[in-house]
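Comments concern the structure below.
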Amino acid sequence: MASRDDVVIVVMGCTGTGKSSFVRLLTGDSSVKVSDSLESETRAVKVVRFTDRTSGRNITIVDTPGFDDSRTDITDTVVLKEITSFLLDEYDNNRKVDGLVYLHRIIDTRFGGQSNINLRMFQQLCGPDAYKNVVVSTTFWDQLNSPRLGEKRELELKKKFFSEMVQGGATFTRQNCTMDSARKVLRHVLTLDPVDVQIVNEIRKEGKSLEETSAGSIHGEEVERLIAKHRQEIAEIRKEMNKVKEMTASTKRELEKLRNENKQKIAKLENEKLDLKKGLEDETKMRETLEVEAEKEKNLRKEFLLKRESTRIPSRNRGSGARQMSSFEVPLDNPPPYEEALASQDLTDGTFQFAYSDEYPPYLEHIPSKYKTNILNIFDFKSLLQTTVATFSLPDLTRFSDSTVIRNLDDLVYRNHRLHEKVRSETRRGPISQLTLGMFYIKNIGHRSDWYTDAAFGQQQFTGVNPTTITLAPSGWIEEFEAVARDQDRGDITEILSADPKSLYIQDYSHFRPVVGLPMDGEIKCDGRYGCSSVVLFHLEPNGMLHPLAITLDYKGSMGNSVTIFNERPQSTTLGDESQDWPWRYAKMCAQVSDWFQHELVVHLVYTHLVEEVLIVAARRTLPSSHVVLKLLEPHWQTTLSLNEAARSTLVPKIIIGMTGFTDRQTYAFIKDGYRNFDWAGSYVPNDLERRGFPIEKLDDKKYHNYGYARNILRMWEILRRFVRTVLEDTYTGGDQEVATDPAIAAFCGQVRSVDGGQLLSFPSISTLDELVDFITMCIHIASPQHTAVNYLQQYYQTFVPNRPSALFKPIPESLSELQAYGEDSIMSALPSHRSRDWLLMAQVPYLLSMEVAEDNTILHYATNAINSSATLAVIRNAARAFKDDLEHFALTVTEYSDDLDDQQTPYHVLDPNRTAISILI
């Protein structure tokens, strides 16, 4: 047993930050070398032990190489393995870590790539629970010209790069090459209680391999990134050599040399991958032991189920005096010991508790540090906050960094093109201003010459940012529109409505007022912004074109109290000057405002983000860590909890509400109503499509060929379901009976439905294998393809504000005659062209919320990783092979479906497995 007098301090940081100098000053050990060159003197982990004269305690200092080490004979994998081996040895000898010292040069003017890599590795080695034992010590203060400059940089480090550790209790100190500054760190560490670091817990307590640990995963990702980088450089060199037919011998040799250097780097990195996968010798033996024990347990479970089936007798009436079963329990006839223990044990430890409020559905009260993700590591959330919060206090941003005079819609289109060209040009010269220009780097719908047409408007219902709510029109709505058409003497419209009712579809936002507590004649208005509850009627023509026929601008309880306008072009083939039909163009803009609210607050926020959070909390409260359902779902929860926390605290109250015509109280009522009305089983893709009037067996017919979302999402559902079914059939070998008697599944379902749980009343009970397969498929569907479909097209369709504004800026017309008098000036005054802060929000927020998915966060990458990772359960790893093949084939299908669309200006590739996010990442 180690004495409490033994103190262990680990010193880390980039090469050249002064680690060896710090150790030498602290210990007085002159054998610790100090380097003046770019190569690190610390070739491997060096342990220095001494007795502190002041405290009388035995001090062990662990001097480590930087992960950016420049030596050619030591790799980052070797560094990671040596640090880990030392920490495991200490743990095995009952010694914990007292202090974790991270050194950073205060003279560095920027926090570069290598600094970021080293910091991420340090964080993952330590883990949040050990942050209170971290000392961040900034070095080279003696080389600063101005102490004030150092203080400014130190403050930036605390607030930006080290904020998570500071919040976790980390301390900052300064080093100025004196023994006193070094010993100040020691004096602080001596006051701390020792801790087990994260990588030790992962290997010793969770049975992970080195590759599977958080630090190992980070390192593996970096190795893969570097391999890809060097391969790209080789491809560019090859391209350059092919392009230049005539080159001097020296030029050719130089290019060959560069290519060979990159090949050597790739070979070295590939060896690092193998070395990382090989891991540590003792962990491999431990894993083999665990796998043998797991196989034994599986066989025992099988044996028990067979025995129970052969000896089962009908259950007897237990009488009124028997204990009442809880809503989370499944009746078992003499359950096996491990199931009985599972049913009675508390899996939460108080860490996953539901919280409730008047604003949101049930959510996680507090994210445990283990599952918390720094929002800055997810995406540029800081940029979003700076942009949006600042716009409420900045003076009017009148010209958006562009001198274009805005007089009409053509000027807006011209400015959109001009800013795109400007950003592209400026990017070649250096960084651009994310505040006002970054959103214009990628093209948007405003680059289409036909962006305002009926064809573009109709196609957005099928392949736009919200292709999930278009529904077969009920007979009641058809009758109401038909009556108004007769009143307006539109016989051409009534003929279509009566002749082809099964091809009439609707976007219905008429429920807005009752849901938010407004009277039916009440105005939707907040701070000069106006909303509306439109109803839009479409005709799905035999050729597959979805053509808008009529729009009720703002439904107020009846058609008589509302303004309805019919399209002057009753068919998609009818000729007409759409560009000058201002009343109709305004009506389509009202419809887009209504859809913006429904999409962002319910389809996107509630039906993906918030529903998934309830599932996560319920699962963590009821499913054992080894349960196959948890293993299937965990990869799809990467950042959801932290994202949702940020949405509740900042994005919705401080940004989204300020973009619409609804008050905060009305918005929260809308969110809560959306959750209450979420139909779990009804939202399974086949059920949802059939309910909305799209027969799944006919989606490849000409009539439905333009519904790209439906065709893609159904195929993805089938692929996910086949993968999930393969896994569960291999796990639940007892079939339906084994599923029905799994107390963890019963507890999970009860937790989601319960009044003191998730309160999702539509959530089903699960008693068959098919029901379990559908349930798991739905969980993955929500987090991956569904969220991808409704999130990642926001930049394209919403950055150009006239296409899809979040609010209007003049009251909605109260009569048809008023609407028919509308000209282009009326549309311009309804847009925030005179309130550029609002314009900026409408354009910038969707841009920042739909950043491109990184390659290593796609669903195809997940399948590939599941096959190759030893951390993956065998049943999942085996099923992943066919899953990967299905996804790769589906990638080709996505292109085929896109090529089938009549609209070839905007390809629909968002659900390509190479682009589909594995989880709710943003």
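Please verify whether segment 788-811 includes one or more residues that are charged (D, E, K, R) and more than 23 Å from Ser579 (Cβ to Cβ).
Narrowing segment 788-811 to residues charged (D, E, K, R): 804, 810.
Those still in the list that are more than 23 Å from Ser579 (Cβ to Cβ) too: none.
Scanning segment 788-811 turns up no residue that is charged (D, E, K, R) and more than 23 Å from Ser579 (Cβ to Cβ).
Got a number for residues in segment 572-588 being under 16 Å from Ile506 (Cα atoms) and not basic (Lys, Arg)?
To start, the set of residues in segment 572-588 that are under 16 Å from Ile506 (Cα atoms) comprises 587-588.
Keeping just the survivors that are not basic (Lys, Arg) gives 587.
Final tally of qualifying residues: 1.
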(request) Answer with yes or no whether Gln794 is at positive phi and not charged (D, E, K, R). (result) no
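Could you tell me whether Leu615 is in contact with a Phe, Trp or Tyr (Cβ under 9 Å, 6 or more places away or on another chain), buried (at least 23 other Cβ atoms within 10 Å of the Cβ) and more than 20 Å from Gln461 (Cα to Cα)? Walk me through how you get there before you give the answer.
Values: in contact with a Phe, Trp or Tyr (Cβ under 9 Å, 6 or more places away or on another chain): yes; buried (at least 23 other Cβ atoms within 10 Å of the Cβ): yes; more than 20 Å from Gln461 (Cα to Cα): yes.
Yes.
For segment 29-43, which positions are out of contact with any Lys or Arg (no Cβ under 9 Å at 6 or more places or on another chain) and either at pLDDT 80 or above or surrounded by 14 or more Cβ atoms within 10 Å (Cβ to Cβ) (or both)? Before the answer, list the steps.
Here is the first cut: in segment 29-43, the ones out of contact with any Lys or Arg (no Cβ under 9 Å at 6 or more places or on another chain) are 29, 35-38.
Those that are out of contact with any Lys or Arg (no Cβ under 9 Å at 6 or more places or on another chain) and either at pLDDT 80 or above or surrounded by 14 or more Cβ atoms within 10 Å (Cβ to Cβ) (or both): Asp29, Ser35.
Would you tally the residues in segment 888-915 being within 19 Å of Glu224 (Cβ to Cβ) and crowded, with 20+ Cβ neighbours inside 10 Å?
1
Return the residues of segment 101-114 that are crowded, with 20+ Cβ neighbours inside 10 Å and either touching a Lys or Arg at 6+ places or on another chain (Cβ under 9 Å) or charged (D, E, K, R) (or both); say none if nothing qualifies. Steps first, answer last, please.
Step one: list which residues in segment 101-114 are crowded, with 20+ Cβ neighbours inside 10 Å, which gives 101-104, 106.
Passing the criteria: Val101, Leu103, Ile106.
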(request) Determine which single condition Ile745 fails, assuming it passes every other condition in (1) in contact with a helix residue (DSSP H, G or I) (Cβ under 6 Å, 6 or more places away or on another chain); (2) buried (at least 21 other Cβ atoms within 10 Å of the Cβ). (result) (1)
(request) Can you confirm whether segment 156-167 contains a residue that is free of Cβ contacts under 8 Å to residues at least 12 places away in the same chain, out of contact with any Asp or Glu (no Cβ under 8 Å at 6 or more places or on another chain), under 22 Å from Arg105 (Cα atoms) and not in a helix (DSSP H, G or I)? (result) no
(request) Using the structure shown, decide if Thr639 is surrounded by 19 or more Cβ atoms within 10 Å (Cβ to Cβ) and either under 24 Å from Gln460 (Cβ atoms) or without any contact (Cβ under 8 Å) to a residue 40 or more places away in the chain (or both). (result) no
(message) For the structure I just gave you, tell me whether Tyr908 is in contact (Cβ under 8 Å) with a residue 24 or more places away in the chain, among the hydroxyl-bearing types (Ser, Thr, Tyr) and not in a loop (DSSP other than H, G, I, E, B).
(response) no
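Inspect segment 861-868 for any residue being touching a residue at least 12 places away in the same chain (Cβ under 8 Å), farther than 11 Å from Ala917 by Cβ and in contact with a Pro (Cβ under 9 Å, 6 or more places away or on another chain) and give the result as yes or no. Steps first, please.
Step one: of segment 861-868, the residues touching a residue at least 12 places away in the same chain (Cβ under 8 Å) are 861-864, 866-867.
Cutting the leftovers down to farther than 11 Å from Ala917 by Cβ gives us 863-864, 866-867.
Checking the rest, the ones that are also in contact with a Pro (Cβ under 9 Å, 6 or more places away or on another chain) come to 863, 866.
Among the residues of segment 861-868, at least one is touching a residue at least 12 places away in the same chain (Cβ under 8 Å), farther than 11 Å from Ala917 by Cβ and in contact with a Pro (Cβ under 9 Å, 6 or more places away or on another chain), which makes the answer yes.
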(message) Which of the helices (runs of 4 or more DSSP H) found entirely inside segment 690-788 contain at least 2 residues meeting this: among the hydroxyl-bearing types (Ser, Thr, Tyr) and either assigned by TED's automatic domain parsing to the domain that holds Gln507 or over 25 Å from Ser898 (Cα atoms) (or both)?
(response) 708-731
(message) Just to verify a result, which residue in segment 851-874, among those that are surrounded by fewer than 21 Cβ atoms within 10 Å (Cβ to Cβ) and among the small types (Gly, Ala, Ser), is modelled with the highest pLDDT?
(response) Ala874
(message) If I filter segment 117-140 for residues that are modelled with pLDDT under 85 and surrounded by fewer than 18 Cβ atoms within 10 Å (Cβ to Cβ), do I get at least one hit?
(response) no
(request) Of all residues in segment 398-444, count the ones that are modelled with pLDDT under 65 and either under 20 Å from Leu831 (Cα atoms) or not assigned by TED's automatic domain parsing to the domain that holds His834 (or both). (result) 9
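Restricting to segment 503-522, count the residues that are buried (at least 16 other Cβ atoms within 10 Å of the Cβ) and outside any strand (DSSP E or B).
In the first step, residues of segment 503-522 are kept if they are buried (at least 16 other Cβ atoms within 10 Å of the Cβ); the result is 503-510, 512-513, 515-516, 518.
Now drop any that are not outside any strand (DSSP E or B), which leaves 503, 509-510, 512-513, 515-516, 518.
The qualifying residues number 8.
Suppose we keep only residues that are of a type in the set (Val, Ile, Thr) and part of a helix (DSSP H, G or I) within segment 466-485. Which one would you say is surrounded by the fewest Cβ atoms within 10 Å (Cβ to Cβ)? Walk me through how you get there before you give the answer.
At the first step, the residues of segment 466-485 found to be of a type in the set (Val, Ile, Thr) are 468-471, 478, 484.
Within this subset, residues satisfying the condition of being part of a helix (DSSP H, G or I) are 478, 484.
Numbers: Ile478: 16, Val484: 21.
The selected residue is Ile478.
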(request) Using the structure shown, decide if Gln198 is surrounded by 19 or more Cβ atoms within 10 Å (Cβ to Cβ), under 24 Å from Lys372 (Cα atoms), of a type outside the set (Gly, Ala, Ser) and not assigned by TED's automatic domain parsing to the domain that holds Ser369. (result) yes
(message) Condition (residue is in contact (Cβ under 8 Å) with a residue 24 or more places away in the chain, part of a loop (DSSP other than H, G, I, E, B) and outside the structural domain of Lys631 (by TED's automatic domain parsing)) applied to segment 873-891: is it met by at least one residue?
(response) yes
(request) Count, please, the residues in segment 559-570 that happen to be in contact (Cβ under 8 Å) with a residue 60 or more places away in the chain and more than 41 Å from the chain's Cα centre (by Cα). (result) 3
(request) Please name all residue pairs, on different chains or six or more residues apart, with Cβ atoms under 8 Å, provided the first residue is in segment 486-502 and is within 15 Å of Gly476 (Cα to Cα) and part of a helix (DSSP H, G or I) and the second residue is at pLDDT 95 or above and aromatic (Phe, Trp, Tyr). (result) Leu497/Phe481
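Which of the residues that make up segment 572-589 are under 41 Å from the mean Cα position of the chain (by Cα) and either more than 25 Å from Tyr707 (Cα to Cα) or in contact (Cβ under 8 Å) with a residue 60 or more places away in the chain (or both)? Break it down into steps so the answer makes sense when it comes.
Here is the first cut: in segment 572-589, the residues under 41 Å from the mean Cα position of the chain (by Cα) are 572, 578-579, 581-589.
Selection gives Ser572, Glu578, Ser579, Asp581, Trp582, Pro583, Arg585, Tyr586, Ala587, Lys588, Met589.
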(request) Find the residue count for segment 802-847, including only residues that are assigned to a helix (DSSP H, G or I), under 21 Å from Ser594 (Cβ atoms) and either of a type in the set (Ser, Thr, Tyr) or under 31 Å from the mean Cα position of the chain (by Cα) (or both). (result) 13
(message) Checking Ile61 against (1) modelled with pLDDT of 85 or more; (2) within 39 Å of the chain's Cα centre (by Cα): exactly one of these is not met. Which one?
(response) (2)
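The values are calculated or read from the model by the stated rules, or taken from the named source; none is laboratory data. The structure displayed is predicted, hence computed values, not measured ones. Ideal geometry is used to build each Cβ from the backbone, glycine not excepted, and the neighbour counts take in all protein chains shown.
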